[in-house]
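One structure below.
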Amino acid sequence: MKIVNYLVIILAVTLLLSGCDITGKAASDFGTLEVTSEPDAMFYVNGDYRGESPESTALSPGTYTIKISKPNYYDYETSVTIKAEEIVKVEAKLQPLREIEEMSFGKFTITTEPEGATVLIDEEEMGKTPLTLEKVVLGDHMVRIFKTGYYDHSTDKNIISGPNLLSVELKELGTKPYIANGILNVESDPTESFIFVDGLYKDKSPKNVELLEGEHTIRVSRGGFKDHVENVIIVKGQTKTLSVTLEKTGLSS
């Protein structure tokens, strides 16, 4: 048994002196992967933990998936191809979770003259002006602002990282005498939906809306639901009821 152990030791020494590792592969059969990161982090090769950066490791030629990971930071992942006797460097700057989150939102302030107007962003009610929203997803959004007695205001707003401002002066409706000829009773499911008559905001459902006789276009709207649009004819001295059930968006008809 001692003779066998002695022979194994002689073989290992011979391989090392010849430039081979214990598997019999020469050093020239490997490439080198050098990993650095800011901050220092653990790194994995094809899912196997290899150490903490900065670090170098020998790999056989081939393609590998490299992942660099650290708690409270987003993982960095890339693919590299190793060739014999070549050095491949992977350098990563990890970004903190909070920093990524902050970069995904912008601060949005909406003011109107007069104040107290209702603000919808992408058909979702956000509040009344003056209004400051600390986190609005970056990108384009449809903003609608309305107030009883004033024309509605609609605009596209591109939200960027940092502060964003929208200031609107609402135009007052005409001051001509208005004599209601009939009443439209608007009911909806869900309740508290917005009622628009001929494109102008009136109130939230359920509501009796006084209207001139004749044909009017009614739109009932609420965030997360499809708009209901319908033409109605108002008859002088009569009350007409419009009862609608809004359909949730994303549902097939």
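No value in this document is a laboratory result; all are computed from the given coordinates. In this text the structure is predicted, and so the values were computed from the model without any measurement. Reconstructed Cβ throughout: ideal geometry from the backbone, glycine too, with neighbour counts over all protein chains shown.
Here are the numbers:
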| read-out | value |
| --- | --- |
| Relative contact order of the range 48-94, pairs being alpha-carbon contacts under 8 Å that are 6 or more residues apart, as % | 32 percent |
| Extended-chain gain in nm, criterion 0.36 nm per residue less alpha-carbon gap, VAL235 and THR65 | 53.9 nm |
| Ranked by how many other beta carbons lie within 10 Å on average, peptides 145-156, 106-117 from highest | 106-117, 145-156 |
| Cα centroid separation, the range 35-64 to the range 104-130 (Å) | 48 Å |
| Inter-site label distance for THR111 and GLN95 at 7 Å from Cα along Cβ, in nm | 3.2 nm |
| Under 19 Å between alpha carbons - lysine pairs in the range 182-245 that sit 8 or more apart or on different chains | 6 |
| Contour excess over end-to-end distance, with Cα ends at GLU124 and TYR74 and 0.36 nm allotted per residue | 14.9 nm |
